[in-house]
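First comes the structure, then the notes that go with it.
The values are calculated or read from the model by the stated rules, or taken from the named source; none is laboratory data. Every value quoted in this text rests on a predicted model; they were computed, and no experiment measured them. Neighbour counts run over all protein chains shown; Cβ positions are idealised from the backbone, glycine included. In case anyone asks, the SASA skips ligands and DNA or RNA and just uses the protein heavy atoms, side chains included. Shrake-Rupley method; radii C 1.70, N 1.55, O 1.52, S 1.80 Å.
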Amino acid sequence: MELGSIMAENRSNYLVALGSNLEDEGTTPLEILQTCLAEFHAEGLDLSAVSRFFATPCFPAGAGPDYVNAAVMLEGNFPAAETLRRLHKIETKFHRTRTQRWGMRTLDLDLLAVDREIIPNIQLFRYWRDLPPAEQRVSAPDQLILPHPRLQDRAFVLVPLADIAGDWVHPDLGRSVRQMLLSCPANDVEQVRPL
């Protein structure tokens, strides 16, 4: 078997949430998200699906201007940690700074899932998934946890994700994106408005 065939067989699908609520040198959050789509290929990630763009209330409430959110599906041959490093490299090109948890940002690229992997293990994933809301504000893992521990709780992630991967099934919860979205409070879902 040729190397190209082996690499093609080992390709992973990455689900990524996009968000922006700050301008970058006069570029609006919507323009930032639209522009960043061209950056994935330069990092060795093939863009296979893009959701619509949505206006969403800032999370947590009062932490800054409202957001523009979207989701993409990417394909590549990288392990999760390397994919995250490449996403952070793209964020840096748009002057993303990390000064405060859940703070305002020019570009946020959250790696939500890699296929149906649980990383690093089910015990750590469940610890972070079940962390009480008050602790979520002040505690962050020091390693990559996948699927994203808050994925199932956030309409602003699930609504765009349903555009491109509605049938993706959470490897621990056993529910699809569409099913998780049905469990979100209706008010949260209604506030995610297509642009």
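Structure data summary
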quantity	calculated
From the options Q152, Q143, residue that is under 19 Å from D110 (Cβ atoms), open to solvent by 50 Å² or more (accessible area, probe 1.4 Å), touching a Leu at 6+ places or on another chain (Cβ under 9 Å) and not basic (K, R)	Q143
Verdict on F78 being at pLDDT 95 or above, open to solvent by 10 Å² or more (accessible area, probe 1.4 Å) and part of a loop (DSSP other than H, G, I, E, B)	yes
Residues satisfying the stated conditions in the range 170-180, i.e. surrounded by fewer than 15 Cβ atoms within 10 Å (Cβ to Cβ) and either at pLDDT below 95 or among the aliphatic types (A, V, I, L, M) (or both)	L173
Residues of the range 55-67 satisfying the condition of being surrounded by 21 or more Cβ atoms within 10 Å (Cβ to Cβ) and of a type outside the set (S, T, N, Q)	Y67
Selection from the range 1-33 of residues that are of a type in the set (A, V, I, L, M, F, W, C), modelled with pLDDT of 80 or more and assigned to a helix (DSSP H, G or I)	L30, I32, L33
